[in-house]
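Working notes, beginning with the structure itself.
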Amino acid sequence: MPGKVILGAQWGDEGKGKFIDIFAGEADLVVRSQGGNNAGHTVVVNGETYKLQLIPSGILYKDCVNIIGPGVVVDPRAILKEIDGLAAKGVSADKLFIDARCHCILPWHLELDALSEKARGGDDIGTTKKGIGPTYMDKAERIGVRMHDFVGGRFEEAMREACARKNKVITGVYGGDPVDIEAVLAEYRGYAERLRSHVRDTTVMTYEAVKSGKNVLFEGAQGTLLDLDMGTYPYVTSSHPVSGGCCIGSGVGPTAITEIMGICKSYTTRVGKGPFPTELFDETGDYIRKAGGEFGTVTGRPRRTGWFDAVIARYAVRVNGLTELVINKIDPLCGLPKLKVCVAYDFKGERLTEFPADFADLEHCKPVYEEFDGFTEDITGCRSFDELPVSVQDYIRELERICGCRVSMLGVGPARDQVIAIR
Ligand code: GDP
Ligand code: IMO
Ligand code: MG
C-alpha cells in the first residue's frame with residue numbers, strides 16, 4: 001500500500017468510510033487532509049454502526065495512528081463530542097493527532113453559514129451548515145484562528161479579535177445578532193484545554209512514516225464533483241477533495257502517493273443543490289433511495305438519486321489520476337429489470353463525452369444511456385466475482401470498459417466484509 005489515497009469519485013457518500021476502514025486494518029497511519037465535520041463516514045463492524053465526521057476512519061484499530069492534517073477545518077466542540085461518543089463505545093482517541101495549522105470552526109462561522117444561505121434565498125447551496133465555507137473564507141483572507149492559537153497562549157486574544165471582526169459582518173451585512181464573546185470564551189476555554197495534548201506538527205509524523213516505508217492511508221472526504229475548482233461550482237464545498245488536495249492538506253509531496261482508489265456507487269446520489277444530469281424523479285429514483293438507504297449521514301436529508309454516470313466517472317479517473325475504481329453499493333439495484341448507464345451527454349444536439357466546465361451547460365445536458373440486464377438474486381452474501389449473477393458480472397465489465405479504469409473492488413452490503421476483491 002505505502003501511500004494509498006481513497007477518495008470519492010462522485011458527489012460524496014460513495015461509501016468511502018467502509019473502504020477506508022477495510023484498508024486501515026493494514027495501515028500504520030490514516031490521514032484526513034480536507035473538509036471538516038460536513039463529512040459523514042459510516043463504518044459498520046460486528047453489527048455496530050459508527051458515524052465518523054472529523055475523526056479518521058482508522059480510529060477503530062487500536063494500533064493505527066490517526067491524523068487530522070493541516071488542510072482540515074476543525075470544530076473544537078464537534079470533535080470533542082465525537083471523541084466522547086467513541087469513548088462511550090470503548091474506542092480510544094489516544095492516537096488521534098490534530099495539526100497545529102488547522103483552522104478552527106467557531107460559533108460565528110456556524111452563524112455566518114446559516115445567514116449567508118438564508119440571504120441567497122432560493123439560490124442557496126444547500127450546505128451542511130457546519131460553518132465549513134465561512135472558515136475556509138477566513139483562512140483565505142488570512143484572518144482565521146488556527147489550532148496553535150486556540151490551544152496556545154494567544155487563545156483569548158485571537159478569539160476576541162476574530163469575533164469582533166465577524167460580529168461586524170453578522171450585524172452590519174446580515175442584520176443578525178452579535179455572538180457573545182464572553183459566553184464563547186467561557187465555553188471554549190475548556191475545549192482548548194482538552195484538545196491541547198492532541199495538537200502537534202503532524203506533517204513531520206506523516207513524512208517520517210512515508211520515508212520509512214510505512215503504510216499511509218489518505219482518507220478523502222466529500223467527492224470529486226464537490227471540489228472547489230473541479231466540481232459543479234458554485235454548488236460545491238470549499239475544499240479540495242481531489243487527489244491533489246490530499247498532498248496540500250496533509251503537508252507531504254506527491255511522491256508520497258503510490259495508489260489512488262476512487263469510490264463510486266453503482267448509481268449516483270447527491271445532497272444539496274446543483275445540476276445532476278442522470279437524476280431520477282420517478283419511482284425508480286424512489287426505489288434506489290429506499291433500497292440504498294440514501295438519507296444523509298450528517299443532516300438526514302433524503303439524497304437525490306439517479307443512474308450511474310460514466311461521464312462523471314471518466315472525469316474522476318482523469319482529474320484524480322485514479323489507479324483503480326471501486327463500484328460500491330451494487331446490492332440496492334437488485335430487482336430493477338434494466339440498469340442504465342449514462343455514456344455521454346446530448347448538449348443541444350451535440351454529443352459530449354467530457355464533463356463540461358460550466359455548470360449552466362450541464363443543466364442542458366441530457367444523458368445518453370446504454371442499457372444492461374438487471375438482476376433479482378440476493379448478492380449480499382457473494383464474496384467472489386464468480387459467485388455474482390452473470391448479468392452483474394457483465395455490468396461490471398462494461399463499466400470498467402466505459403470508464404477506462406480497472407475495477408478492483410465491489411461492494412455488496414454495508415458491513416466490513418461485504419466486499420469483493422477482483423484480481
Ligand atoms: P461516505 O461518506 O462515502 O463514507 O459514505 P456514507 O457513510 O455517507 O454513505 C454510505 C452509506 O451506504 C452508509 O450508510 C453505509 O453503511 C452504506 N453502505 C456502504 N457500502 C454499502 C454497500 O455496498 N451496500 C449497501 N447496501 N450499503 C452500503
Ligand atoms: P462525505 O465525506 C455529500 C455537500 C453539501 C452541499 C455542499 C456544500 O460524507 O462524502 P458544505 O457544508 O461543505 O459547505 O456544503 O457539499 N457536502 C457533501 N455531500 N457528502 C459529503 O461528505 C458532503 N460534504 C459536503 O450537501 O451540497
Ligand atoms: Mg457521507
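The values are calculated or read from the model by the stated rules, or taken from the named source; none is laboratory data. Keep in mind that this is a model prediction, so the values were computed, not measured. Don't worry about glycine lacking a Cβ; one is built from the backbone with ideal geometry, like all the others, and counts go over all protein chains shown. Only protein heavy atoms, including side chains, enter the accessible area calculation; ligands, DNA and RNA are left aside. Shrake-Rupley method; radii C 1.70, N 1.55, O 1.52, S 1.80 Å.
Reported count of residues in the range 38-52, each being open to solvent by less than 50 Å² (accessible area, probe 1.4 Å) and more than 7 Å from ligand 1 (Cβ to nearest atom), is 5. In the set (1) open to solvent by less than 10 Å² (accessible area, probe 1.4 Å); (2) within 15 Å of ligand 3 (Cβ to nearest atom); (3) modelled with pLDDT of 95 or more, the condition left unmet by VAL73 is number (2). Can LEU399 be described as within 28 Å of ILE6 (Cα to Cα) and part of a strand (DSSP E or B)? Judged against the criteria, LEU399 is not a match.
Taking the numbered list (1) within 30 Å of MET1 (Cβ to Cβ); (2) surrounded by 21 or more Cβ atoms within 10 Å (Cβ to Cβ) in turn, ASP201 passes all entries but (2). Counting only residues that are within 13 Å of ASP138 (Cα to Cα) and either in contact (Cβ under 8 Å) with a residue 40 or more places away in the chain or among the hydrophobic types (A, V, I, L, M, F, W, C) (or both), the range 160-180 holds 4 of them. If you scan the range 12-26, which residues turn out to be open to solvent by less than 10 Å² (accessible area, probe 1.4 Å) and more than 10 Å from ligand 3 (Cβ to nearest atom)? Within the range 12-26, PHE19, ILE20, ASP21, ALA24 meet the criteria.
Looking only at the range 130-174, which residues are small (Gly, Ala, Ser), under 16 Å from LEU115 (Cα atoms) and either at pLDDT below 95 or touching a helix residue (DSSP H, G or I) at 6+ places or on another chain (Cβ under 9 Å) (or both)? Write out each step before concluding.
First, pick out the residues of the range 130-174 that are small (Gly, Ala, Ser): 131, 133, 140, 144, 152-153, 158, 162, 164, 172.
Checking the rest, the ones that are also under 16 Å from LEU115 (Cα atoms) come to 131, 133, 172.
GLY131, GLY133, listed by residue number.
From the list GLY90, GLY58, which residue is open to solvent by 10 Å² or more (accessible area, probe 1.4 Å) and either away from ligand 2 (no atom under 16 Å from the Cβ) or part of a loop (DSSP other than H, G, I, E, B) (or both)? Can you show your working first?
Values: GLY58 fails: open to solvent by 10 Å² or more (accessible area, probe 1.4 Å).
After ruling out the rest, the residue left standing is GLY90.
Please determine whether any residue of the range 204-219 is within 16 Å of ligand 3 (Cβ to nearest atom) and touching a residue at least 12 places away in the same chain (Cβ under 8 Å). Within the range 204-219, one or more residues are within 16 Å of ligand 3 (Cβ to nearest atom) and touching a residue at least 12 places away in the same chain (Cβ under 8 Å).
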